[in-house]
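Take a look at the structure below.
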Amino acid sequence: PGGREGRVAWYYTLCLLFFILGILTKPLIVTFPLILLCYEVYMIRSGKRLAPLAPFFAIALIGAVAAVWAHMGSKSIEAGTLSTGVLFGEVYPTMLPVYWKYVWMVVWPFGLSGLYDTARYGSFLQPQVLASLVAWAVGFVLVFIKGSSRVRFWFLWFWLWFLPVSNLIPIPVYYADRYMYLPAVAFFVLVGELTGKLAGKGGEGMAWRRVLGCAAVAAVVAFYGALASNRLEVWRDDLVFWRDTARKSPGLYKARLNLGYAYEVKGFYAEAEGEYLAAIAIDPTPEAVSNLNMVRVKKKLHGDR
């Protein structure tokens with residue numbers, strides 16, 4: 001509190017410093033100033049302390065421009081994808097249903113994968129896209145008309161942390177569960193608050209509600225904890241990860257190419273050759289062809305494990 005009110009300038013300086021370090025480490029935190037703004041508006045409900053946020057927004061703008069420039073330089077963002085024809089003719093219509101998949105992914109995290117096949121849409125008038133758009137509009141209206149200040153803050157927390165990977169500026173991956181770590185915090189906070197309210201109703205004579213509330217929280221923690229523990233096994237090494245990804249999305253070029261490379265690193269050259277051939281069948285890129293030729297040479301020289 002002392003730092004927020006300006007009584008301890010050292011706290012403010014440290015916050016700026018760590019934000020700069022954070023931007024240099026992970027550009028995804030460029031939306032942090034928006035989180036601070038929402039905190040002031042909905043949690044503190046004071047318009048008097050907005051000026052100290054200005055340096056955060058300036059740093060975030062510089063960080064965002066630098067990140068986009070770096071991605072364009074490395075071709076992970078292609079200049080052609082920034083045209084209005086591509087953005088409004090494929091990317092944005094495709095992403096509207098994907099946003100619902102993200103929500104479902106948080107609520108019911110089964111079948112997670114490193115990469116996902118994504119249905120592409122070319123118009124906002126397609127039934128799936130239009131239904132998604134209407135549902136989002138209704139959701140936002142309900143939250144901001146009926147929701148409390150805390151509900152609004154955590155609702156915005158979800159979307160603001162999600163913003164950098166929401167494909168407003170196209171990235172090669174339409175969606176990935178690893179993008180949800182920070183946004184998902186809001187979901188669990190809101191579930192916790194709802195459980196607390198339900199458990200607290202009824203006065204002192206309704207202690208059983210609190211017992212049920214605690215039991216519900218324990219069950220939720222155990223359920224999601226078990227799923228997380230099981231999923232961690234998939235991230236044990238690259239080979240396990242890409243095997244799992246290719247099994248769930250066999251028609252994705254990148255999944256087969258990366259699985260081939262993982263096999264190659266481990267010395268399983270015959271398996272690597274098969275995956276490179278599968279990748280070439282999907283998309284005969286120079287990279288896949290080059291990898292195939294290289295692994296065939298290694299197979300002749302060293303054999304296969």
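The values are calculated or read from the model by the stated rules, or taken from the named source; none is laboratory data. What you see is a predicted model; the values in this text were computed from it and never measured. Glycine also receives a Cβ, built like all others from the backbone with ideal geometry; neighbour counts cover every protein chain displayed. Each accessible area value is taken on the protein alone, full model and side chains, heavy atoms only, with ligands, DNA and RNA left out. Shrake-Rupley method; radii C 1.70, N 1.55, O 1.52, S 1.80 Å.
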Report the normalised scattering of segment 50-176 as log10 I(q)/I(0) at q = 0.15, 0.19, 0.21 Å⁻¹, calculated by the Debye formula with identical scatterers on the alpha carbons.
-0.91, -1.27, -1.35
Heavy atoms of the protein only, probe of 1.4 Å, neighbouring chains included. What is the accessible area of residue 105 in Å², nearest 10?
20 Å²
Shape call, segment 16-96: gyration tensor on alpha carbons, a/c limit 1.5
oblate
Go through segment 23-100 and name the trypsin sites (Lys or Arg not before Pro) that are in a DSSP coil and have 11 or fewer other Cβ atoms within 10 Å of their Cβ.
45, 48, 75
Just the number, please: carbon plus sulfur as a percent of the accessible area of the chain, 1.4 Å probe, no ligands or DNA/RNA counted.
69 percent
Roughly how many Å² is the accessible area per residue of the chain, as a whole number, for a 1.4 Å probe?
58 Å²
With all protein chains present and a 1.4 Å probe, how do 214, 38 order by accessible area, largest first?
214, 38
Longest exposed-site-free window of the chain, the sites being chymotrypsin sites (Phe, Trp or Tyr not before Pro) in a DSSP loop that have at most 16 other C-beta atoms within 10 Å:
182-305
Among 241, 213, 70, the residue whose Cα sits farthest towards the positive end of the charge dipole of the chain, when +1 is placed on the Cβ of each Lys and Arg and -1 on the Cβ of each Asp and Glu, is 213
³J(HN,Hα) computed for each position of segment 107-123 - Karplus, 6.51 cos²θ - 1.76 cosθ + 1.60, integer Hz, glycine/proline x
6, 9, x, 10, x, 5, 8, x, 9, 10, 5, 10, 5, 9, 10, x, 7
Segment 140-277: C-alpha gyration tensor shape, a/c 1.5 cut-off, then a/b vs b/c:
oblate
With the Cα gyration tensor of segment 111-189 giving a ≥ b ≥ c as the square roots of its eigenvalues, does the rule (a/c under 1.5 for rounded; else a/b larger than b/c for prolate; else oblate) give rounded, prolate or oblate?
oblate
Nearest-20 debye value, the chain charge dipole, Cβ charges on Lys, Arg, Asp, Glu:
780 debye
Among 75/298; 101/146; 101/299; 75/266; 26/300, the pairs whose Cα-Cα distance exceeds 31 Å are 101/299; 26/300
